[in-house]
Amino acid sequence: MSALASEFSDRTANPLDIVEQVIAGNEWAFDRRSDCEIAAEAPGRWCDYGLYFSWSHEISVMHFSCTFDLKAPERRRHALFELLARANEKLWIGHFGMDQDDGMPVFRHSVLLRGASTASAESVEDMVDIAVSECERFFPAFQFVLWGGKSPDEALAAAMLECVGEA
């Protein structure tokens, strides 16, 4: 690491302190596991979302993941992988993946903070809002593929349908 990079890295405060303030401000349950990890639970329309933040001071990166309890049976994982790839094409920030152990979809995003004093409360709020919004948007598609027997294309088309007006 260059001397300049080392100097900036030493100035970067732990962004998990800001994350903790944002989570506490929303009155969500959370667990500050260490200086490098915090886990929380945020309510959503379809389910509650597990938020996990980790901080690496060495490389000045905060990693964030958002999970939900929707486990893919082994026989449907190939279709879920295809759906995740198609969903990722529609995202501007972050990406969907799948936890290999239990087949649970997960939204992930990492933020480089080298040269910044820390993350702002607004950027943390945006990161969480985007993750939960994208999980909410694609949750029906995941359900259609996993439990409705739909193809990834059918599930995505049905989940992306926007209703206009009132019945």
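None of the figures in this text is laboratory data; all of them are computed from the coordinates on show. Source: prediction; values computed, not measured. Reconstructed Cβ throughout: ideal geometry from the backbone, glycine too, with neighbour counts over all protein chains shown.
Couple of notes before you dig in:
- For the chain, the average shadow cast by the Cα convex hull is 11.8 nm², which is a quarter of the hull's surface.
- Sites Cys36 and Glu74 - FRET efficiency at Förster radius 30 Å, r taken between beta-carbons, to 0.05: 0.35
- Divide the volume of the convex hull around the Cα atoms of segment 88-167 by the residue count and you get 144 Å³ per residue.
- Taking each DSSP H run with n ≥ 4 as -39500 (n - 2.57) and averaging over every residue of the chain yields -12500 deg cm²/dmol at 222 nm.
- For segment 40-56, putting each phi into the Karplus relation 6.51 cos²θ - 1.76 cosθ + 1.60 with θ = phi - 60° gives couplings of 8, 10, 10, x, x, 6, 8, 6, 8, 10, x, 9, 9, 10, 9, 10, 10 Hz, in residue order, rounded to whole numbers and with x for Gly and Pro.
- Sequence-distant residues sharing a close amide H with Glu41 (under 5 Å, placed H): Ala29, Leu51
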